[in-house]
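The values are calculated or read from the model by the stated rules, or taken from the named source; none is laboratory data. Note that this is a predicted model, so its numbers are computed, not measured. Heads up, the Cβs are rebuilt from the backbone with ideal geometry, glycines too, and the neighbour counts pull from every protein chain shown.
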Amino acid sequence: MGGERGAVISGIGQSQIGRRIYRAPLDLTIEAALAAIEDAGLTREDIDGLATYPGNMDTPPGFSGVGITDLQDALRLELDWYNGGLEQPGQLGSVIAACAAVAAGYARHVLCFRTVWEASAQGDKGRASVTMGGGGGRAGFRAGGFMQWTLPYGAPSAANWIAMCAQRHFHEFGTTREQLAQIALNARQNAGRNPKAIYRDPLTIDDYFAARMISSPFCLYDCDVPADGSTAVIVSAADAAADLRQAPVAVEAIGTAIRGRPSWDQWDDLTTMALRDAAAMLWSRTDLKPDDVDVAELYDGFSFITLAWLEALGFCAHGEGGPFIEGGQRIALDGQVPLNTHGGQLSGGRLHGYGFLHEACVQLRREGGNRQVAPTPKVAVAGAGGGPLAGCLLLTRR
Amino acid sequence: MAPAVVSGRGTLHSFTINHQPWMPGFDPPYVIGIVTIAEQDDVRLTTNIVNCEPDAVRVGMPVRVTFEHREDVWIPLFEPVAD
């Protein structure tokens, strides 16, 4: 099967995570990177590859702030291979590129990272202050890219774009807000067991319906919480096991496909988004089936995206995500598909994709403590991205 | 590739009622929609649905274009029409 079998995840690390902690993004990144290197049993000298998403960007404020060159220089790394940028199969596309690099022999140990400091960037000025590339509302500001088609309509946020995907799903399949709420309630339930999660107090269905609306059908609890934090993983060549402190997590299959128009509003089926193609590719590269998955860590920038990942990955049929999550039992820690066991981005903090991969490894390594899925998971899936962005990995621990 | 004249008619493919104050000049609630143009069902515009109550907006409703002049640009907005 695929070349990704030549890659393993040998180390994981995470910085302090919080709201408005006002630490420099490079400082957070170094903390996560050194933790991951230590966790793998490696040293800085062993790291010969570096990968990140989205690379260094000044805008939107807090969205990145640390690129390849910043971290290479800070850690004085001598690299054989590196890759950073925005145009990848979602946030985890950067990790998948690293898998290809080690499988091809370009590098042996690739440090992959994603850093956000959106909470500190917006400070006390609210979400809108960082949403429009820092230019919204400024006299003479002219948007480029996709934003030029949405800013004239007061639609600067992915909250608006994904809300329309959700509304279309509601229309075609009769999905309800009460069903969608389970994604948020489940995340909060699990966050209560994760000491690093940002929001840990219990959340009820009544709280959900009492929350202010953001962009229908999304209320506040359908939207993830901006955070400061950095996550790092080490992708190593599968034949490098002798270098490592512990048995690594194996990469079984990856999904990066995109076959529809790469756009938030022109995509042929808004109810699937690009997740459909990435997930289909993943299953085409393994003999494992959705039934074999013991734990699922699926992107929840907005609650609907998680529902769409569940459908795309075949945990239920297309359109049946609402009934599947209804009541929440199937996705609970002791359910059929334990989902977002760390609290996701909705309650754990918007670490932007990498948090799901980190948690998948935690679960496979049986390091989940209070939130550990039992019996010990052998197969985990991590998926990140929404709209026209999607990438996913199927992981095992032998 | 060249521009083509179209009727200005379309169908509302999906929408959202936005409640969050994102930008000056846009006072919530207002309706953001994706309209499929009558001439080609894979060409869509993100736009605003205007001249109706937000709660009256439905997926699948027929709409027609109405232009708003802002600075040096004519912005295509859409409003409901009877079936």
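Within the stretch A:130-138, can one find any residue that is in a loop (DSSP other than H, G, I, E, B), touching a helix residue (DSSP H, G or I) at 6+ places or on another chain (Cβ under 8 Å) and away from every other protein chain (no Cβ under 14 Å)? Taking every residue of the stretch A:130-138 in turn, none turns out to be in a loop (DSSP other than H, G, I, E, B), touching a helix residue (DSSP H, G or I) at 6+ places or on another chain (Cβ under 8 Å) and away from every other protein chain (no Cβ under 14 Å). Considering the stretch B:53-69, and only residues there that are surrounded by 15 or more Cβ atoms within 10 Å (Cβ to Cβ) and in a loop (DSSP other than H, G, I, E, B), the residue that is nearest to the other protein chains (Cβ to nearest Cβ) turns out to be B:Val59. For the stretch A:204-243, a residue qualifies if it is more than 30 Å from A:Phe170 (Cβ to Cβ) and either surrounded by fewer than 24 Cβ atoms within 10 Å (Cβ to Cβ) or among the β-branched types (Val, Ile, Thr) (or both), and the qualifying residues are A:Thr231, A:Val233, A:Ile234, A:Val235, A:Ala237, A:Ala238, A:Asp239, A:Ala240, A:Ala241, A:Ala242, A:Asp243.
Taken over the stretch A:143-179, the criterion of being on the phi > 0 side of the Ramachandran plot and free of Cβ contacts under 8 Å to residues at least 40 places away in the same chain is satisfied by A:Gly145, A:Gly154. Considered as a group, the residues in the stretch B:1-46 that are among the β-branched types (Val, Ile, Thr) and more than 7 Å from every other protein chain (Cβ to nearest Cβ) include one that is surrounded by the fewest Cβ atoms within 10 Å (Cβ to Cβ), and that residue is B:Val5.
Conditions tested, residue by residue: (1) crowded, with 21+ Cβ neighbours inside 10 Å; (2) in a helix (DSSP H, G or I); (3) within 12 Å of chain B (Cβ to nearest Cβ).
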| site | (1), (2), (3) |
| --- | --- |
| A:Pro156 | yes, no, yes |
| A:Ala181 | yes, yes, no |
| A:Ala187 | yes, yes, no |
| A:Asn190 | yes, yes, no |
| A:Arg193 | no, no, no |
| A:Arg200 | no, no, no |
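Kindly provide the set of residues from the stretch A:158-179 that are farther than 26 Å from B:Pro21 by Cβ, surrounded by fewer than 24 Cβ atoms within 10 Å (Cβ to Cβ) and within 14 Å of chain B (Cβ to nearest Cβ), ordered by number. Correct list: A:His171, A:Glu172, A:Phe173, A:Gly174.
Among residues of the stretch A:1-24 that are surrounded by fewer than 17 Cβ atoms within 10 Å (Cβ to Cβ), those with a Cβ under 7 angstrom from a residue that is part of a loop (DSSP other than H, G, I, E, B) and modelled with pLDDT under 95, sequence gap 6+ or separate chain, pair up as A:Arg20/A:Gly123. Count of the stretch A:351-372 residues, restricted to those that are surrounded by fewer than 24 Cβ atoms within 10 Å (Cβ to Cβ) and either in a loop (DSSP other than H, G, I, E, B) or among the acidic types (Asp, Glu) (or both), is 5.
Considering the stretch A:277-310, and only residues there that are touching a Ser or Thr at 6+ places or on another chain (Cβ under 8 Å) and surrounded by 24 or more Cβ atoms within 10 Å (Cβ to Cβ), the residue that is nearest to A:Leu357 (Cα to Cα) turns out to be A:Glu297.
The residue list A:Ala32, A:Ala107 contains one member that is aliphatic (A, V, I, L, M) and more than 29 Å from A:Ser347 (Cβ to Cβ), which is A:Ala107.
Here A:Ala382 passes the criteria (1) over 10 Å from the mean Cα position of the chain (by Cα); (2) in contact (Cβ under 8 Å) with a residue 24 or more places away in the chain except the one numbered (1). For residues in the stretch A:246-267 being within 15 Å of A:Leu395 (Cα to Cα) and among the aliphatic types (A, V, I, L, M), which is farthest from the other protein chains (Cβ to nearest Cβ)? Among residues in the stretch A:246-267 that are within 15 Å of A:Leu395 (Cα to Cα) and among the aliphatic types (A, V, I, L, M), the one farthest from the other protein chains (Cβ to nearest Cβ) is A:Ala247. Just name the residue that is nearest to B:Gly10 (Cα to Cα) out of those in the stretch B:70-83 that are of a type in the set (D, E, K, R) and surrounded by 10 or more Cβ atoms within 10 Å (Cβ to Cβ). For the stretch B:70-83, the residue satisfying everything is B:Glu79. Of the residues A:Phe324, A:Phe315, the single one that is crowded, with 18+ Cβ neighbours inside 10 Å and either assigned to a helix (DSSP H, G or I) or more than 21 Å from the chain's Cα centre (by Cα) (or both) is A:Phe324.
A quick yes/no check of all residues on (1) over 19 Å from the mean Cα position of the chain (by Cα); (2) of a type outside the set (Lys, Arg); (3) in a strand (DSSP E or B):
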position	(1), (2), (3)
A:Phe63	no, yes, no
A:Asp73	yes, yes, no
A:Ala97	no, yes, no
A:Phe113	no, yes, yes
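Taken as a whole, the condition of being buried (at least 19 other Cβ atoms within 10 Å of the Cβ) and either hydrophobic (A, V, I, L, M, F, W, C) or more than 26 Å from A:Leu395 (Cα to Cα) (or both) applies to A:Ala51. What's the number of the condition A:Gln345 fails, among (1) more than 19 Å from the chain's Cα centre (by Cα); (2) among the polar types (S, T, N, Q); (3) crowded, with 24+ Cβ neighbours inside 10 Å? Checking A:Gln345 against (1) more than 19 Å from the chain's Cα centre (by Cα); (2) among the polar types (S, T, N, Q); (3) crowded, with 24+ Cβ neighbours inside 10 Å, the one that fails is (1).
Taking the conditions (1) under 25 Å from B:Asn18 (Cα atoms); (2) more than 14 Å from chain B (Cβ to nearest Cβ); (3) assigned to a loop (DSSP other than H, G, I, E, B) in turn, A:Leu288 satisfies each one other than (1).
A single entry from A:Gln336, A:Gln266 fulfils the requirement of being assigned to a loop (DSSP other than H, G, I, E, B) and either under 30 Å from B:Leu45 (Cα atoms) or in contact with a His (Cβ under 7 Å, 6 or more places away or on another chain) (or both): A:Gln266.
Taken together, the residues in the stretch A:1-45 that are closer than 28 Å to A:Thr256 by Cα and among the charged types (D, E, K, R) amount to 3.
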